[in-house]
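Right, one structure below, let's go through it.
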Amino acid sequence: MSYLMPSEFVTKLVDQGESKIYMGTRDTLIRSFMAGATLALAVIFAITIATQTGNFLIGALLFPVGFVMLYLMGYDLLTGVFTLVPLAWLDKRPGVTLPRMLKCWGLVGLGNLGGALFIATFGYLNFTMGGTEEINAVGQTMMTVGESRTVGYQDAGIAGWIVLFLRGMFCNWMVSMGVVGAAISTTVSGKIMAMWMPIIVFFYLGFEHSVVNMFLFPIGLMMGADFTLYQYIMWNEIPTVLGNLVGGLTLVGLVLYTTHVRTQAKKVFS
């Protein structure tokens, strides 16, 4: 697997965060668009498998193929830059400022949204034969998920918002561990293995991923699911984005940076 020690791969993560700041706007948008599209296609793949087999675990076991492909291609997800870019800011890398970090997040989020909507449009046309047929079983499943994960949270009131935030937070704990996994090994097989494991956990447990939701809920709306755009934004996307930010930054980025880069002074025994 050619495993790298934490002190080595965490430095690589800081370098990656710095590189996101300096990347050209065109490249950022293209890479994030492709990331959103690839992940959305993987969602269709996983839900199709789960629907056809009646076993969600099989879909969850195979969903990480999309995450692996996009990271091997060097594409960017909002969840990943939530974790990586702040590390370069904390490390006081030259030119890495708070406004530039926020701009980077905005561009990646915009690109992810574009890619997710592109696949959502394809999915709607595919599931309805261009709008000429009834929505198929996979589309029906997506509609049901969209309804339960907007209206369901709304019905719970503030408790639903809190649970959404926590599910977003724990989602990016796992997803960012996948991002870290790509830096742990210098071999393709090692990277794939390290990325695959935490992504299965997030998907099977139904945690909330902001980019997955940029696809899943718009396609539900296109197919006529029983929730509104307002409900999607207020009762899913906003708390999910905030949870993803906090989870990736605190449970992965800060933990690794603090204990492997800015380490505490070693104990001295007399």
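Helical runs (DSSP H, four residues minimum) scored at -39500 (n - 2.57) apiece and divided by the length of the chain put the mean residue ellipticity at 222 nm at -24000 deg cm²/dmol. The mean sequence distance of close C-alpha pairs (under 8 Å, at least 6 residues apart), as a share of the length of region 57-196, puts its relative contact order at 26 percent.
Around residue 150, with a cut-off of 14 angstrom between Cβ atoms, what is the net charge of the other residues, counting Lys and Arg +1 and Asp and Glu -1? Combined, the nearby Lys, Arg, Asp and Glu give -3. Here the accessible area is traced with a 1.4 Å probe on the protein chains. For region 17-57, carbon and sulfur cover 62 percent of it. Expressed as a whole number of Å, what is the distance separating the alpha-carbon centroids of region 1-35 and region 50-77? With region 50-77 and region 1-35 each reduced to a Cα centre, they are spaced 21 Å.
Here is what passes the span test in the chain: the DSSP H helices with alpha carbon length of 15 Å or more along the helix axis and a Kyte-Doolittle mean of 0.0 or above are 25-53, 78-90, 98-127, 137-148, 158-184, 188-204, 210-222, 238-248. Among the protein heavy atoms of region 136-270, carbon and sulfur supply 71% of the accessible surface, probe 1.4 Å, non-protein parts ignored.
Solvent-accessible area per residue in the chain equals 46 Å², computed with a 1.4 angstrom probe and all protein chains kept. A full extension of the chain between residue 263 and residue 189 corresponds to an added length of 23.6 nm, given 0.36 nm per residue minus the alpha carbon distance. For the chain, the relative contact order comes to 29 percent (Cα pairs under 8 Å, sequence separation of at least 6).
The values are calculated or read from the model by the stated rules, or taken from the named source; none is laboratory data. Worth saying up front: this structure is predicted, and the values here are computed from it rather than measured. Counting neighbours? That spans all protein chains shown, and the Cβs are built from the backbone with ideal geometry, glycine included. Accessible surface areas use protein heavy atoms only, side chains included; no ligands, DNA or RNA. Shrake-Rupley method; radii C 1.70, N 1.55, O 1.52, S 1.80 Å.
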